[in-house]
Ligand SMILES: [Zn+2]
């Protein structure tokens, strides 16, 4: 698991989701990237109405880790478990209840270029598409600060001006820690929350 | 071999004769059937009139002439048949030409007639045979006029050609360990430890910065194998031995492994006196990769080239450079 950066593509005025996806994927293919299957990330959110201080719990499935499930609490705790987690949560129905409209997912095309993995996904709630996600992973390196120069160069050529100007703070936790799947899942939850908010605002 | 070819050639001649004979036989047989088709009575009149002028009147309308011709034709058939049979007996078993092996079957393929593969194969074979013969003659001539450059016997000369055995295999174990320790102290940002040692062979684990790990197999101080792997890749197998054979899953590490092997070859040719020099050069060269992910290419100034960082380091001045930017 290498360093991963995830962001939401901000669609220009007058461009629909399909057009944006086509634009980015043609850009990615021009760089020489090869299609490498599909990917899917699902996130279901739970809360505990009976426990006043409980934070929201996000349960994440990522096709990149088919045998694992990730549980992420809003305040930061993180768990990696096997596939039985969702069955277990449904047994705890009395405490953890699925949030209304809490299911959100992201599906799309994977690309490979050298050791880079590029994923373009459509984020949707229920059946309606809400936005576009762009994910870039550089697998051989496990320190975000070291390979940021390379990643930033790659992001520039994929999403142009929307690439972050410097290393985002959420890629670089405490000190020089190694990158972990937790940071990937946090970015997903963050993006999903942002997309939900903008949907509500509209 | 060549008389087998001659035999085959002879067979071919017989075969063509046999084919002509068979055609002859077929035409005489056709004559017989034609005669029979024409029948006796109705045509006999006309034929009879026509032939009367030439032959005598002896032939009447009773079909005597017909019988006579029938007999003539049958005799011709008999003669041709005997001819063909004779040819067949002349031919020795042609089907299994030992020299051509399975390629002999090519001659049976009718499509092959168009592209002449079989003919070419046979020609090639002939040329090859000739070459072989000339070579044999040449060898025998040269053996009688040998020029000796050294006093060594032929057998000893052949042995000498083999790569010289590594010079320093007999270094005492203590010396090797000490050398490795000294070398490891000279490296910066790079840690070196011995994973396994048995006899003269040591497996050395080298961690270069925060970039990759290298497994080096040493026989005494001679480098036998270098394998570069990512930091998060497994190097210890389930049975607790070191994985020396599976390539890295990362493209860049695979390419650096290739470069490292050529570096080993390059440094091994240095005829420097101290035995640890090739290893020392290799370690310094590998150490230069500690900036693999951070440094841009010194030629084009970019980080990426086709999705890969600057993977190349020159063997003399190890500065980062893309594979494609190498001068
Ligand atoms: Zn370059």
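The values are calculated or read from the model by the stated rules, or taken from the named source; none is laboratory data. No experiment lies behind these values; they were computed from the predicted model shown. All Cβ positions, glycine included, derive from the backbone under ideal geometry; neighbour counts span all protein chains shown.
Within region A:121-148, residues that are away from chain B (no Cβ under 12 Å) and without any contact (Cβ under 8 Å) to a residue 40 or more places away in the chain have Cβ atoms under 9 Å from residues that are in a helix (DSSP H, G or I) and crowded, with 21+ Cβ neighbours inside 10 Å in no pair, counting only partners at least 6 apart in sequence or on another chain. When region B:288-306 is filtered for residues that are surrounded by 21 or more Cβ atoms within 10 Å (Cβ to Cβ) and more than 11 Å from the ligand (Cβ to nearest atom), the ones remaining, listed by number, are B:289, B:292, B:293.
Return yes or no: is residue B:258 within 16 Å of the ligand (Cβ to nearest atom) and over 18 Å from residue A:138 (Cα atoms)? Against the criterion (within 16 Å of the ligand (Cβ to nearest atom) and over 18 Å from residue A:138 (Cα atoms)), residue B:258 does not qualify.
Residues of region B:299-315 that are more than 14 Å from chain A (Cβ to nearest Cβ), touching a residue at least 24 places away in the same chain (Cβ under 8 Å) and in a loop (DSSP other than H, G, I, E, B): B:299, B:315. Note on region A:1-34: among residues that are within 14 Å of chain B (Cβ to nearest Cβ) and in contact with a strand residue (DSSP E or B) (Cβ under 7 Å, 6 or more places away or on another chain), the one that is modelled with the lowest pLDDT is A:2.
Here is the figure for region A:168-181: residues that are at pLDDT 85 or above and buried (at least 17 other Cβ atoms within 10 Å of the Cβ) total 2.
Screening residue B:74 against (1) part of a helix (DSSP H, G or I); (2) modelled with pLDDT under 85; (3) farther than 30 Å from residue B:131 by Cα leaves a single unmet condition, (2). A search for C-beta distances below 7 Å between a residue of region A:86-103 that is on the phi > 0 side of the Ramachandran plot and any residue that is at pLDDT 80 or above, counting only pairs 6+ apart in sequence or on different chains, returns A:101/A:125.
For region A:149-158, a residue qualifies if it is surrounded by 19 or more Cβ atoms within 10 Å (Cβ to Cβ) and either under 8 Å from residue A:3 (Cβ atoms) or more than 9 Å from chain B (Cβ to nearest Cβ) (or both), and the qualifying residues are A:151, A:155, A:158.
Only one of the listed residues (B:280, B:290) is away from every other protein chain (no Cβ under 11 Å), assigned to a helix (DSSP H, G or I) and within 21 Å of residue B:227 (Cβ to Cβ). That residue is B:280. In this structure, residue B:79 does not qualify as at pLDDT below 70 and either closer than 17 Å to residue B:15 by Cβ or over 22 Å from the mean Cα position of the chain (by Cα) (or both). Test residue B:265 against the criterion of being surrounded by 19 or more Cβ atoms within 10 Å (Cβ to Cβ), away from chain A (no Cβ under 14 Å), more than 16 Å from the ligand (Cβ to nearest atom) and over 30 Å from residue A:31 (Cβ atoms), and give yes or no. So residue B:265 fails the test. The number of residues in region A:111-120 being in a strand (DSSP E or B) and within 14 Å of chain B (Cβ to nearest Cβ) comes to 6. Does residue B:227 qualify as being surrounded by 20 or more Cβ atoms within 10 Å (Cβ to Cβ) and outside any strand (DSSP E or B)? It is false that residue B:227 is surrounded by 20 or more Cβ atoms within 10 Å (Cβ to Cβ) and outside any strand (DSSP E or B).
Residues in region B:316-326 that are near the ligand (Cβ under 7 Å from one of its atoms) and crowded, with 18+ Cβ neighbours inside 10 Å were compared, and the one that is nearest to the other protein chains (Cβ to nearest Cβ) is B:322.
Restricted to region B:200-240, and to residues there that are out of contact with any strand residue (DSSP E or B) (no Cβ under 9 Å at 6 or more places or on another chain) and away from every other protein chain (no Cβ under 14 Å), the residue that is farthest from residue B:294 (Cα to Cα) is B:239. Residue A:184 passes every criterion in (1) assigned to a helix (DSSP H, G or I); (2) within 13 Å of chain B (Cβ to nearest Cβ); (3) in contact (Cβ under 8 Å) with a residue 40 or more places away in the chain apart from (2). Being out of contact with any strand residue (DSSP E or B) (no Cβ under 8 Å at 6 or more places or on another chain) and away from the ligand (no atom under 13 Å from the Cβ) is the requirement here; does residue B:248 meet it? No.
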